[in-house]
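Each remark here refers to the structure printed beneath this line.
The values are calculated or read from the model by the stated rules, or taken from the named source; none is laboratory data. Keep in mind that this is a model prediction, so the values were computed, not measured. FYI the Cβ positions are ideal-geometry reconstructions off the backbone, even for glycines, and counts take in every protein chain you see. For accessibility, only protein heavy atoms count, side chains too; no ligands or nucleic acids. Shrake-Rupley method; radii C 1.70, N 1.55, O 1.52, S 1.80 Å.
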Amino acid sequence: MSRVVRVRKMLLAVMAVAAVVPVPLQAELNVPIAVRVVSFLQPPPSGTMPAAIVFSPGNPASIADAAAIERAIGGGSIAGKAVLRPRRVPATALESLAGYRVAFVAAGTRADQDAIAAAASRASVVTITSDEACVQAARCVVGIASGARVQITVNRAAARAANARFGSAFLMLVKEI
């Protein structure tokens with residue numbers, strides 16, 4: 001077998017493996033930190049609180065990330081005196097954000113960020129994401145970057161648009177832009 005044929009077969013095998021979209025074991029979003037951020041909202045949330053998980057229904061990576069966020073929250077995560085109950089909300093049905101106070105924005109929603117920001121502002125929903133570009137562009141309120149250390153960024157303009165206020169102790173610990 002010639003070298004060219006071997007290289008072609010190897011490239012085809014690599015492309016076939018790359019075409020499979022793996023289901024992440026962990027959400028891109030650092031969910032425990034995101035849940036903790038919710039507890040710093042003012043006035044503090046209490047009781048059972050629905051939490052939206054916004055995802056792009058046409059994007060397998062976004063669907064997988066939404067499922068990972070939902071798994072991480074489980075039947076309910078405690079955020080201060082509130083218990084978060086997750087519900088997935090497709091980016092095609094953003095009018096259903098009314099009644100939520102917080103939305104976790106899954107990966108793979110970049111094409112829908114303008115619509116998500118507009119709907120969240122109308123419904124006064126705090127959006128929390130791992131996509132720093134969303135926060136930089138004032139389309140998401142809170143960004144959580146995980147790496148060697150966790151960096152939480154709050155966009156003031158997006159927070160004002162969503163009528164969101166955070167406790168002063170929290171604001172001393174985060175980066176505001």
Notebook entry, point to check: How high is the FRET efficiency between Ala133 and Phe170 when r is their beta carbon distance and R₀ equals 22 Å, given to the nearest 0.05?
Noted result: 0.45
Item checked: the stretch 53-177, dipole about Cα centre (Lys/Arg Cβ +1, Asp/Glu Cβ -1), debye to the nearest 20 -> 400
Check: Quick one: if the Förster radius is 25 Å, what FRET efficiency do Ser146 and Arg87 give, using the C-beta to C-beta distance and rounding to 0.05?
Finding: 0.55
Note to self: Roughly how far apart, in whole Å, are the Cα centres of the stretch 132-158 and the stretch 37-115?
What the structure shows: 16
Notebook entry, point to check: In square angstrom, what is the accessible area per residue of the stretch 105-162 with a 1.4 angstrom probe?
Noted result: 41
Check: Under a plain spin-label model, where a point goes 7 Å from the Cα along Cα-to-Cβ, how far apart in nm are Ile33 and Arg122?
Finding: 3.2
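For Arg71 and Thr48, what is the calculated FRET efficiency with R₀ set at 25 Å and r taken between the beta-carbons, to the nearest 0.05?
FRET efficiency, Arg71 to Thr48: 0.85.
As a test, work out the antiparallel percent of DSSP beta bridges whose residues both lie in the stretch 51-157, rounded to the nearest 5.
Working: 7 of 22 bridges.
Bridges in the stretch 51-157 that DSSP calls antiparallel: roughly 30 percent.
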Next item on the list: Whenever you get a sec, compute what percent of the accessible area on the stretch 50-177 sits on carbon and sulfur atoms (1.4 Å probe).
Entry: 54
